[in-house]
Amino acid sequence: MLKVLIADDEHLARETVKLLLKNIPDVEDIYEAEDGNQALIIANEYQPDIVVLDIEMPGLSGIELAKHLPKKSIIIFATAYTEHAIDAFEINAIDYILKPFDDERFFVAFDRAREKRKDEDRQDYSKISEIIEKMAIDKQKQYRERLVIRDPGRIRLIDVEQIDYITGAGNYAEIHLADGSHMLHRETLSALENQLDPSIFVRIHRSSIVRRSCISELRPNDKGDYSVILKNGTVLTLSRRNRAKLEELTN
């Protein structure tokens, strides 16, 4: 039977993982920590088999904490890093779940962690901390301050600070600006999401990204999703798949 520690400063994120773990028969004990320091105390006392570990937490970060966890503990990193960081996790044989994650992706990562417990040659997490920390620095430099919009006969430069929200369909995105105007941009919403600072913009649906400061109200709906009301009166949807972002939006 398995002992699992969930270390994440977001209450809703911990609750989501707990619900998923209750569907796994061989999980016997579940422990929770809301910051890195508390997680280390719990880990040393209860010696968990698997740790679901957020990377960015108060106190010890996930990376710092990974260096001090019991050697028997297998780590599943929870991360919002870009695809380049994910490639590095894979190369270094580290399990991860990319926030926001779906149920299937979590179970795949958990199965990998369970199998890794049988491996005598455990990953030394401290060896890759420098790589991941460098990625975090690089990521801060990658966000766009301007978007290049190509219209027939002209090229427009749009300051990101003018954008209120973006909606997408297929290979196109519709950019909605603070002055009420909008324009079509030939780029996928996922590609744009990776170019925008997540501390300023948040993906709330597979077809919409919104500036956090533009949100004025959240209204729960019968189907488990939320109506997101913007200051200009626009109504968007926070999907059930993105419900883990609800607490993040209300903080």
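None of the figures in this text is laboratory data; all of them are computed from the coordinates on show. Here the structure is a predicted model, which means the values were calculated and not measured. As a convention, Cβ positions derive from the backbone with ideal geometry for all residues, glycine included, and neighbour counts pool all protein chains shown.
Assorted remarks:
- Once backbone amide H atoms are built at 1.01 Å from N, GLU56 has GLY62 as its partners under 5 Å, excluding neighbours fewer than 5 places away on the same chain.
- Between ARG112 and ARG186, residue separation times 0.36 nm minus the direct Cα-Cα distance comes to 22.9 nm.
- Exceeding the 30 Å Cα-Cα cut-off - candidates LYS67/LYS118; LYS22/LYS118; LYS118/LYS223: LYS118/LYS223
- FRET efficiency for the ARG144 to MET1 pair, using the beta carbon distance and R₀ = 41 Å, is estimated at 0.30.
- Packing-based order for 227-239, 49-61, using average beta carbon neighbours within 10 Å, highest first: 49-61, 227-239
- The Cβ shell under 15 Å around THR234 holds other residues with a net charge of 0, Lys and Arg each +1, Asp and Glu each -1.
- Each label was represented as a point 7 Å from its Cα along the Cα-to-Cβ direction; for LEU12 and ARG243 these points are 1.0 nm apart.
- In this rough spin-label picture, where each label sits 7 Å from Cα along the Cβ direction, the ASP26-GLU104 distance is 2.3 nm.
- When the trypsin sites (Lys or Arg not before Pro) in the stretch 151-195 are filtered for DSSP coil states and for at most 16 other beta-carbon atoms within 10 Å of their beta-carbon, the remaining sites are ARG186.
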